Amino acid sequence: MNKTQIQHAAKILVQARRDMQPLDGLPADLKPVTFEDAHAIQDEVSRQLGQLIAGFKAMAPAGGEPTRGIIYGGTILPSPCDLPAAKVPQCGVEGEVAFVFRRDLPPRAVPYSRNEVAAVLEACAAIEVVHSRYGQTAPVTNLEKLADSISNGALIHSVPTSHWRDLALGQLKVTLTVNGKTELEKTGGHPTGDPLGVAVVLANLWRENGGVRAGQFVTCGSFTGLMFLKPGDVCGVTFEGLGSAEVTFVA
């Protein structure tokens, strides 16, 4: 994609964020065709919005292309949280392990090691609230979803802790409740089994884009799968050893 196409695609996604009208997809000539295109559209959305980049969601599939989405200021919130459903009408929820960077990881030529990244992180339980700028049944490609920061709406987190390094993060017991009823309880379920590894990938993806700043979050993949709720519902997620997060979708 050329610069003009990237700017036009980003403008459409920015407008969808502002007017809350779901899209059927991007126009055929503005659909990203590579991971680089999709990330470039994300970055142009950030430029046009002018909002603080408060965190990221990241994916690092085995043998696949690592990807990231951008989470903006004002949408990373401590638990318990009352979140107006009108801001995230799809009301999707996923239970995740997230981290907050307590020191900067500035740009540099040499990749950051796992130990270097782990040394600056605190961990927490999190609910990623999923809301796409596309309609729920829109026939969009995965690259279109990536251009939209992988459908992030908000991130609700427990109190971060530095006492996580002895935990087997990929094999934590997780419980998800809706309106006080247990909907899911299991051990493990992370797509790679290694949330920390995903945080390391993100730090190095962003190393070439200004570097990670202290206070930014990264959420590292769903343990619970995606569940869509409705206004008025209360969702809670507990990770044994990390704590609990709760969000109420206020009607």
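The values are calculated or read from the model by the stated rules, or taken from the named source; none is laboratory data. It should be emphasised that the depicted structure is a prediction, and the values quoted were computed from it without experimental measurement. In this analysis, Cβ positions are derived from the backbone assuming ideal geometry, glycine residues included, and neighbour counts consider all displayed protein chains.
Go through the range 129-159 and report how many residues are under 15 Å from the mean Cα position of the chain (by Cα) and of a type in the set (A, V, I, L, M).
Qualifying residue count, the range 129-159: 8.
Which of the residues belonging to the range 8-22 are over 20 Å from the mean Cα position of the chain (by Cα) and in contact (Cβ under 8 Å) with a residue 40 or more places away in the chain?
If the condition is that a residue be over 20 Å from the mean Cα position of the chain (by Cα) and in contact (Cβ under 8 Å) with a residue 40 or more places away in the chain, then Ala9 is the only one that fits.
Condition check: buried (at least 16 other Cβ atoms within 10 Å of the Cβ) and within 30 Å of Gln15 (Cα to Cα). Does Gly135 satisfy that?
no
For the condition surrounded by fewer than 16 Cβ atoms within 10 Å (Cβ to Cβ) and out of contact with any Asp or Glu (no Cβ under 6 Å at 6 or more places or on another chain), what is the one hit in Gly153, Gly180?
None of the other options fit; the residue is Gly180.
Return the residues of the range 222-251 that are assigned to a strand (DSSP E or B), touching a residue at least 60 places away in the same chain (Cβ under 8 Å) and either among the β-branched types (Val, Ile, Thr) or within 17 Å of Trp164 (Cα to Cα) (or both); say none if nothing qualifies.
Val237, Thr238, Phe239, Gly243, Ser244, Ala245, Val247, Thr248, Val250
At pLDDT 95 or above, buried (at least 22 other Cβ atoms within 10 Å of the Cβ) and more than 21 Å from Val130 (Cα to Cα): is that true of Ala203 in this structure?
In short, yes.
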